[in-house]
Amino acid sequence: MKHNAIDGSDEMNPRSCIVTKTETDKDNLIRFVEAPDGMVIPDLKGNLPGRGVWVLSNKKTVALAVEKKLFAKGFKKQVQTDASLPELTGRLIREKALRTLGMAKKAGVIVSGFSKVNNSVRSGKAVMLFHAKDAADDGKRKLASATAYVDHMGGDKIDVFTIWTIDEMSQVLGINNAVHVVAVYGGATKNLMACVKQMQAYELG
């Protein structure tokens, strides 16, 4: 009888990429499972039922897994893989990171509004600084001066990202004109950082 639960063997064995054979922490990998229709799909939360295989978290490696039909070897059976799997995976990772930004707002670690953002940076409270892709250069220059001041004073490094548009950030944060926002110290910020780093690694890899 089949049980609708995750195969425990995934958690017991060392995780290695089916393409490169590299053994690494699961944070550097993406888990893929076989859907009921036989199609290979990404399992970003790592909790979908069934046997899972792991691929390094970058687009080129996922594309190689599809091209060389390595998912069939990993699952030890014939499975279906769509040529668009690398793009689908990237889109889901991007959506996950953006949702995590919204969750960070609900957790109270997101600051918006130029003056408040500037103060958070200069006071050393900011951990992550987000500029919208379509933000004006003047605002980015002023905040670059603020981060330089923190660095000069020996403060902790502030990671700066330009990955979403004003509309994308405004919608997920439920505010108007989210041009610059920061994430301050907190548990939700750690999760946000991990998701954003995964997104960057996937798109740049």
Next item on the list: Confirm whether Asp27 is closer than 30 Å to Ala188 by Cα, at pLDDT 95 or above and of a type in the set (D, E, K, R).
Entry: no
Margin query: Six or more apart or on different chains, Cβ atoms under 7 Å: show the pairs whose first residue is in the range 162-181 and polar (S, T, N, Q) and whose second is assigned to a loop (DSSP other than H, G, I, E, B).
Written below: Thr162/Lys133; Thr165/Ala132; Thr165/Lys133; Thr165/Asp134; Ser170/Asn176; Ser170/Asn177; Ser170/Ala178
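Matching residues to (1) among the small types (Gly, Ala, Ser); (2) modelled with pLDDT under 95:
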residue: Lys105; (1), (2): no, no
residue: Ile110; (1), (2): no, no
residue: Val117; (1), (2): no, no
residue: Ser123; (1), (2): yes, no
residue: Ala126; (1), (2): yes, no
residue: Gly155; (1), (2): yes, yes
residue: Asp159; (1), (2): no, no
residue: Ser170; (1), (2): yes, no
residue: Leu173; (1), (2): no, no
Next item on the list: Report, by residue number, each residue of the range 44-56 that is buried (at least 20 other Cβ atoms within 10 Å of the Cβ) and either more than 13 Å from Asp27 (Cβ to Cβ) or free of Cβ contacts under 8 Å to residues at least 40 places away in the same chain (or both).
Entry: Gly52, Val53, Trp54, Val55
Next item on the list: Can you give me the number of residues within the range 156-189 that are among the polar types (S, T, N, Q) and assigned to a helix (DSSP H, G or I)?
Entry: 3
Check: When you go through (1) under 16 Å from Arg15 (Cα atoms); (2) among the acidic types (Asp, Glu); (3) over 23 Å from the mean Cα position of the chain (by Cα) one by one for Asp43, which number turns out not to apply?
Finding: (3)
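The values are calculated or read from the model by the stated rules, or taken from the named source; none is laboratory data. Being a predicted model, the structure only gives us computed values, none of them experimental. Positions of Cβ are generated from backbone atoms using ideal geometry, with glycine treated the same way; all protein chains shown enter the neighbour counts.
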